[in-house]
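For reference, the structure discussed in these notes is given below.
The values are calculated or read from the model by the stated rules, or taken from the named source; none is laboratory data. Here the structure is a predicted model, which means the values were calculated and not measured. Every residue, glycine among them, receives a Cβ derived from its backbone with ideal geometry; neighbour counts consider all protein chains shown. We work out accessible area using only protein heavy atoms, side chains counted, and drop any ligands, DNA or RNA first. Shrake-Rupley method; radii C 1.70, N 1.55, O 1.52, S 1.80 Å.
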Amino acid sequence: MARYKDEQCRRCRREGQKLFLKGDRCYSDKCSISRRNYAPGQHGQKRAKLSEYGTQLREKQKTKAYYGVGEKQFRKYFEMASNKKGVTGENLLQILESRLDNVVYRLGFGTSRAQARQFVNHAQFEVNGQKVDIPSYLVKPGDVITVREIKKDNSTIKANVEESAKRPVPAWLEKDNEKMSGKVLRLASREDIDIPIEEHLIVELYSRN
């Protein structure tokens, strides 16, 4: 996947809202949206009114940024969602929520999806007792995600677990702080997803082709 290498906060400013890409920084006074709530670049403060296509495109780009997914993979997920029964837009979000890096983030093992993705890449987790180092791995109901035994002394993960211990986890997940593990009770429904995404705009955009 082509990786975005510019300053992450520029992406939030481009979309005009917090995408929570930098963990705790997004909740502090250092957040760029709090200080400079306009698009980056020379003409950033002159926001032009978007066309219908532009609005749809920005919604897709915003969603890709939230989940850290590239265009090729995002289109693949859209095709998967289209082929499933139900509402395509909701199916798409369900698939994105089912990514292992997102689940690790939702369980509080990572302060951001980017950090969670790095942990998975470095083989810090196992699913049903098997090491998994693929962030795009899609979990299923009944799957148990655990910090690998040899990685439980990782100071960053331990700090994240302690910090997130009092935070509620999504209803579709179950967390055991003592065992440093979590279980997928069911797949996420639209009501479970708290990200401000208008998925119907993404469906309309792809329907143009």
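Below, the figures for the structure above:
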| item | result |
| --- | --- |
| Residue order for GLU97, GLU191 - accessible surface, 1.4 angstrom probe, largest first | GLU191, GLU97 |
| C-alpha center-to-center spacing [segment 133-147, segment 149-209] in angstrom | 11 |
| Restricting segment 81-135 to trypsin sites (Lys or Arg not before Pro) in coil, as DSSP defines it, with at most 14 other Cβ within 10 Å | LYS84, LYS85 |
| In order through segment 148-155: 3J(HN,Hα) via Karplus (6.51 cos²θ - 1.76 cosθ + 1.60), integer Hz, x for Gly, Pro | 4, 3, 6, 10, 5, 8, 4, 5 |
| Potential lengthening between ARG186 and LYS76 on full extension [0.36 nm per residue; Cα-Cα distance subtracted] | 37.4 nm |
| Estimated FRET transfer efficiency (ASN83, LYS152; beta-carbon r; R0 35 Å; 0.05) | 0.35 |
| 3J(HN,Hα) from dihedral phi, segment 197-206, Karplus parametrisation 6.51/-1.76/1.60, rounded to Hz, x for glycine, proline | 10, 9, 4, 5, 5, 5, 4, 5, 5, 5 |
| Label point distance in nm, GLN61-LYS131, each placed 7 Å from Cα along Cα→Cβ | 3.9 |
| Among the listed pairs LYS76/LYS183; LYS60/LYS166; LYS64/LYS175, those beyond 31 Å (Cα-Cα) | LYS60/LYS166 |
| Whole-Hz ³J(HN,Hα) from phi, Karplus 6.51 cos²θ - 1.76 cosθ + 1.60, for segment 122-137, glycine and proline x | 8, 6, 8, 10, 10, 10, 6, x, 10, 4, 10, 10, 10, x, 7, 4 |
| Cut-off 19 Å (backbone N to label point 7 Å along Cα→Cβ of ALA123), residues of segment 139-173 | 145-155, 157 |
